[in-house]
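The values are calculated or read from the model by the stated rules, or taken from the named source; none is laboratory data. Predicted model, so just to flag it, every value in this text is computed and none were measured. Glycine gets a Cβ as well: all are built from the backbone with ideal geometry, and neighbour counts include every protein chain shown. When the accessible area is computed, the model is the full protein with side chains, heavy atoms only, and any ligands, DNA or RNA have been set aside. Shrake-Rupley method; radii C 1.70, N 1.55, O 1.52, S 1.80 Å.
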Amino acid sequence: MEHDLSINIDRLLGRLAELAEIGAIEGTEGCARLALTDEDKAGRDLVVTWMTDLGLEVSVDGIGNVIATMPGEGPPVMTGSHIDTVRTGGRYDGNLGVLAGLEVIETIQAAGITPARRFAVGFFTDEEGSRFAPDMLGSLVYVGGMPLEEALDISGIDGAIVGEELERIGYAGSAPLPGPSPHSFVELHIEQGPVLEIEDVTIGAVDGVQGISWTEVEVVGQSNHAGTTPMGLRKDPGFVAAACANFARELALELGDPQVATVGRIDLHPNLVNVVAATATFTVDLRNTDEATLQESEQRFAEFLEKTASAEGCTVETRTLARFEPVIFDPAVVDIVESASSNLGYSVKRMPSGAGHDAQMFARVCPTAMVFTPSVNGISHNPAEYTSPEDLEAGANVLLHTMLALANLETT
Ligand code: HGY
Ligand code: MN
Ligand code: MN
């Protein structure tokens with residue numbers, strides 16, 4: 001009975017499309033719902049309506065995480081992800097994991113199945129971290145990785161404060177933090193990279209997440225006239241930022257895959273064509289599956305920054321925005337994802353995640369793993385992000401059967 005269950009792909013596609021209308025980026029399939037903005041609130045309200053329509057118990061905690069649980073007792077088998085997006089977001093990043101979780105619950109309800117352990121689906125606040133750093137903020141607080149008070153005080157790239165924004169959008173909840181640990185956690189997510197497509201594999205059984213290091217750098221120089229200031233007399237922070245961006249790329253190429261390095265944000269002040277900048281504020285995102293190599297990349301970047309800034313007569317201040325070590329998921333749960341995929345006739349491969357995910361936080365408190373579906377051309381954090389309905393259906397079916405298997409696991 002349970003083994004021939006499958007999700008309703010049209011219902012899932014319909015919800016993905018409806019949610020993507022909120023913050024829709026004109027002329028694209030993508031959407032922009034930065035964390036705790038009005039668009040995020042509207043998306044939250046819509047998903048909460050779907051949760052209550054399914055008769056689920058909906059809880060909101062102090063950092064705005066929303067978790068919907070089937071009635072009953074005992075720690076649930078939990079799934080979920082995020083519905084906040086980057087500014088150039090696609091409709092699948094995070095949203096797929098939340099809406100597929102809803103779809104899984106609606107599927108077993110329609111089949112009259114009550115799993116031995118109840119299911120829960122959640123969306124976690126500010127997974128992207130691009131407005132308020134660090135990323136995975138909500139799930140980090142949920143598992144006790146950051147005190148709530150510290151999280152509520154975080155100010156964003158626009159000067160807004162997390163706690164004030166949560167109050168403003170009506171999602172400063174009262175459910176306890178840290179939150180209760182689920183029995184297990186499994187997250188469905190698009191791969192956001194090229195591997196599954198290149199190898200023509202339908203499912204990724206994700207066995208871990210690479211380490212993440214985000215740093216904000218402020219370089220202070222001397223604003224000056226672009227025409228009259230001889231090159232030898234400049235203190236140009238714009239040059240230091242550009243040299244660092246170039247060095248980051250060369251460093252990643254030298255260290256080789258899976259090392260990546262990105263200078264994604266550069267703000268010059270006063271940012272004018274004929275003015276040598278006074279300040280340059282930029283971010284560097286370094287990642288690697290190996291902690292020692294990640295630390296080496298941080299060390300070498302810091303040395304280059306220091307050397308280049310002082311040679312240019314500039315001063316530097318750095319601020320850590322996020323720092324998470326590599327995470328290994330529970331092999332037993334990865335095995336279940338792998339066998340669920342094979343039993344359903346899908347090709348599957350074990351692989352690490354290049355992107356951060358809420359699941360990496362739940363791995364701290366319960367047996368956890370992830371399910372990946374392919375991203376066409378490996379594109380994500382881009383409105384052109386796309387995954388075919390067949391692959392979405394495959395991923396959601398693997399999620400369904402993985403959760404059923406976890407629900408029926410003998411109590412250890
Ligand atoms: O940055 C990340 O890896 C994730 O998208 N927050
Ligand atoms: Mn995501
Ligand atoms: Mn993302």
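Filter segment 6-31 for residues that are open to solvent by 30 Å² or more (accessible area, probe 1.4 Å) and in a loop (DSSP other than H, G, I, E, B) and give the result. Selection gives Ser6, Asn8, Glu21, Ile22, Ile25, Glu26, Gly27, Thr28, Glu29. In segment 61-75, the residues that are in contact (Cβ under 8 Å) with a residue 40 or more places away in the chain and within 17 Å of Phe124 (Cβ to Cβ) reach residues that are open to solvent by less than 10 Å² (accessible area, probe 1.4 Å) and among the polar types (S, T, N, Q) with C-beta atoms within less than 8 angstrom, at least six apart or across chains, in these pairs: Ile63/Thr125; Gly64/Thr125; Asn65/Thr125; Asn65/Ser139.
Of all the criteria given as (1) part of a strand (DSSP E or B); (2) over 30 Å from Ala309 (Cα atoms); (3) within 16 Å of ligand 3 (Cβ to nearest atom), the one not satisfied by Ile212 is (2).
A single member of Thr88, Thr52 is within 14 Å of ligand 2 (Cβ to nearest atom), out of contact with any Lys or Arg (no Cβ under 9 Å at 6 or more places or on another chain), open to solvent by 10 Å² or more (accessible area, probe 1.4 Å) and in the same structural domain as Glu191 (by TED's automatic domain parsing), and it is Thr88.
Are there any strands (runs of 3 or more DSSP E) wholly within segment 300-412 with 2 or more residues that are under 30 Å from Met231 (Cβ atoms) and not charged (D, E, K, R), and if so which?
Details: elements: 315-324, 348-353, 368-373.
Output list reads 315-324.
Of the candidates Glu103, Glu127, Glu197, Glu187, the single residue that is closer than 21 Å to Ser59 by Cα, more than 16 Å from ligand 2 (Cβ to nearest atom) and either assigned to a strand (DSSP E or B) or at pLDDT 95 or above (or both) is Glu103.
Condition (residue is within 21 Å of the chain's Cα centre (by Cα) and open to solvent by less than 10 Å² (accessible area, probe 1.4 Å)) applied to segment 334-344: is it met by at least one residue? Lay out the reasoning, then the answer.
Keep residues of segment 334-344 that are within 21 Å of the chain's Cα centre (by Cα), which gives 334, 337.
From what is left, the residues that are open to solvent by less than 10 Å² (accessible area, probe 1.4 Å) are 334, 337.
So far as segment 334-344 goes, yes, one or more of its residues are within 21 Å of the chain's Cα centre (by Cα) and open to solvent by less than 10 Å² (accessible area, probe 1.4 Å).
In contact with a helix residue (DSSP H, G or I) (Cβ under 8 Å, 6 or more places away or on another chain), β-branched (Val, Ile, Thr) and within 16 Å of ligand 1 (Cβ to nearest atom) - does that describe any residue in segment 346-369? Within segment 346-369 (the criterion being in contact with a helix residue (DSSP H, G or I) (Cβ under 8 Å, 6 or more places away or on another chain), β-branched (Val, Ile, Thr) and within 16 Å of ligand 1 (Cβ to nearest atom)), the answer is no, since none of the residues qualifies.
Could you look through segment 251-285, keep only residues that are of a type in the set (D, E, K, R) and either farther than 20 Å from Arg300 by Cα or in contact with a strand residue (DSSP E or B) (Cβ under 8 Å, 6 or more places away or on another chain) (or both), and pick out the one that is farthest from ligand 2 (Cβ to nearest atom)? Applying the filter and picking the extreme gives Asp267. Of all residues in segment 142-161, those that are touching a strand residue (DSSP E or B) at 6+ places or on another chain (Cβ under 8 Å) and within 16 Å of ligand 1 (Cβ to nearest atom) total 2.
For first residues located in segment 363-374 and under 9 Å from Val337 (Cβ atoms), partners that are acidic (Asp, Glu) and open to solvent by 40 Å² or more (accessible area, probe 1.4 Å) and lie 6+ apart or on another chain with Cβ distances below 7 Å form the pairs Ala369/Asp330. Tell me, which residue of segment 57-79 that is within 22 Å of Met361 (Cβ to Cβ) and assigned to a loop (DSSP other than H, G, I, E, B) is nearest to the chain's Cα centre (by Cα)? Checking each candidate, the answer is Asn65. Is one or more of the residues making up segment 96-117 closer than 22 Å to Leu409 by Cβ and of a type in the set (Lys, Arg)? For segment 96-117, residues closer than 22 Å to Leu409 by Cβ and of a type in the set (Lys, Arg): present.
Residue check: is Glu29 more than 28 Å from Leu152 (Cα to Cα), away from ligand 3 (no atom under 15 Å from the Cβ) and at pLDDT below 95? No, not satisfied. Checking each residue of segment 217-239 against the condition of being of a type outside the set (D, E, K, R), closer than 30 Å to Ala68 by Cα, touching a Pro at 6+ places or on another chain (Cβ under 9 Å) and open to solvent by less than 40 Å² (accessible area, probe 1.4 Å) gives no match.
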